[in-house]
Every structure is written in C-alpha cells, then in structure tokens.
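Nothing in this text is a laboratory measurement; each read-out follows from the coordinates by a stated rule. Note that the coordinates shown come from a computational prediction; the quantities given were computed from them, not determined experimentally. With ideal geometry, Cβ positions are generated from the backbone for all residues, glycine too; neighbour counts draw on all protein chains shown.
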Amino acid sequence: MTKRKKRTKKSSKKSQKKLLFIFLIALVVIASGISGYVFFKKGYEKGYQKASLIAQNKIKQIKKEEKKALQKHLKEYMSEIKDYMHNKIKETKEKIIIQKKKYDKKPKLAIIIDDVAFKYQVDELKSLNIPINLSFFPPNKRHPNTPIYAKNFKIYMIHLPLEAKNFKTPEPFTLNINSSQEEIENRIRKIREWFPNAKYINNHTGSAFTSNYEAMDRLINVLNRYQFRFLDSRTTPDTKVAEVEKKYGIKYLARDIFLDNEQNVKYIKNQLKKAVAIAKKRGFAIAIGHPHPKTIEALRESKDILKDVKLVYINELDKVN
C-alpha cells in the first residue's frame, strides 16, 4: 500500500509539471500571437496608409492628365470657330437676311454638334435627352471609333474636313481646293463605307474650299453620286455652296448661328435665343455648336429658351419650303 501511494504521488507531480509546462507553452504561444497581431496590425495600417497615399497621388495625377488632355482637345477643336472668326473680320457684324414666311406649325430648330470624335462626348450629348444632330469626324488614328458610335443613331451627320484659309493644323486627309475629282471620290467612297446610313455632310473649317466654286462643284458632283446631302457650315461669307447647289437643283441648307464662339454659358444661351428668333421669323433655323462642357451645360439649362420651338433632326428641314 505504501509503495502504491508513493507511485501515485510521483505520477501526480509529473502530471502537474507536464500541465504547467503545457500551460507555459500555451502562454508563450498566446503572447506571441497577440504581439504578432499587434505588430501585424501596425504594419498593416502603415502599409494601408502608404498604399492609400500612393493611390490618391495616382488619382490626382490621372485627373491632372485628364484636365490637360481636355484643355488640349478644346484648344485643337476650336479650329472651326477660329476659321470662321478670322473670315468674319470682313463683316462688322454678322447679318443674316431672313425672309419672313407664314407657317402653320411650331417653328423648327435643328441643333448640330460638330467635332464629335470620342465616346465621352457621345455619352454627354445623349444624356441631354433632346433631339440633337451629332456630326462625326471620319475616323483616323486619334479617333478611330467614330463609325461605331454613329451606329447608335438613326440620324447623324459626317463632319468633313475641308481646306481653311487661315488654319495651320488641319485634320488628316483634309480635302483641299486642288484635290482632284478622283481624290475626292476616293475619300467620299471610303466615308460611305464607314457610314453606310449617313445622309448628311457638313464642312469642318473649309473657308478656302467652300469659297472656291470649282472645288465645290467637284465635291457636290461626287456627293450626289454617293447620296450625300451637303449642309454649309458657313465658315466664310464668301461661300459658293448656294451657287453650286443651284446648278444641281439642290435646296441650300446652311448654318444660321454658331452657338459657342465663346466658351461662356451666358453667351451660348444668348446665341440660342438668336436661333429661336430666326426660327420664329422664318419657320426654321440651324444652329451649330461643339461638344464642349460649357455648350452642353448651356443646352442642359435652356429648356425655357427652347420651349417655343420644336427641336428637330436635320432631315425634317428638307420638308420645310
């Protein structure tokens, strides 16, 4: 009996030592885990803060680059206005002769937005939810997807680059007054392939080309054969488009007002009022703007200005006498 008791005491002590050892190990593991978690959390927070700072800096850089790209884009695509304004120097004030006509229905206003080249422009213009005539650039390396964007519209236009008198950085493949009939035909054939459903073309810049009777005669001849209708952006008071189209028995369509010679919302709204006044007097009017932020902002805020006219697609003006 005494031996059994001694053995039981010894094994009990061993068990206690074993449990104590396990307990100490557990404490070490828990302490290591806690300290590891604390250090990890601190390191994670520092790493997160650093990563967050890097991300914020990248976002700032991207926004800065986007702003620079937009400013560059706006500067480059004011070319049409520059061409027009330079040639407008000949006129002390733009005078538009409007013959007052009787009309039974609400006067019509067609708003054309030139220089459409990028998806963000298309999205902004579509968000206005009003009938607007988008005039797309033919595709090139800088904006290759214009035919894809145009497919989303039943009515749209092609913005054809033509030679200007005083503009030194023309679009690629701009037609000039020395372009032969063959060169013009090759260009228009390609445009017809890109835009199979397009019916209307208006000129981008073009003060030199549209004021040259022979050049316009070659162009209108080709446009007729490819079933395109030309609308004169009137970037010069010396335009010969009406004379040439009279020869072919074509009704002359031309811009009445440029909306955004100045990138100023108040100015653009005043130009819209002028366009509405012309429409009320004659029965219809054509205004041309560009996809600039201020122009889109002005259109978005002009429901009251436009309430007395019917906004229409350009094909509806062919029905107006």
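Summary of computed values
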read-out	value
Which listed pairs, of LYS119/LYS319; LYS247/LYS319; LYS199/LYS240, have C-alpha distances above 26 Å, in listed order	LYS119/LYS319
Label zone at ASN186, where the point sits 7 Å out along the Cα-to-Cβ direction: the stretch 210-253 residues whose backbone N lies under 20 Å	215-226
More than 25 angstrom apart: percent of Cα pairs within the stretch 79-319	38 percent
Separation of the TRP194 and ASN140 label points, Cα + 7 Å toward Cβ, nm	1.0 nm
Extension reserve of the ILE305-GLN227 stretch, reckoned as 0.36 nm per residue once the Cα distance is removed	24.6 nm
Sites LYS119 and TYR213 - FRET efficiency at Förster radius 45 Å, r taken between beta-carbons, to 0.05	0.70
Pairwise label distance in nanometres, SER127 with ILE54, each label 7 Å out on the Cα-Cβ vector	3.2 nm
3J(HN,Hα) from dihedral phi, the stretch 128-144, Karplus parametrisation 6.51/-1.76/1.60, rounded to Hz, x for glycine, proline	5, 6, 9, x, 10, 8, 7, 10, 8, 5, x, x, 8, 4, 6, 9, x
Peptides ranked, highest mean first, by Cβ atoms within 10 Å: ranges 292-303, 244-255, 159-170	159-170, 292-303, 244-255
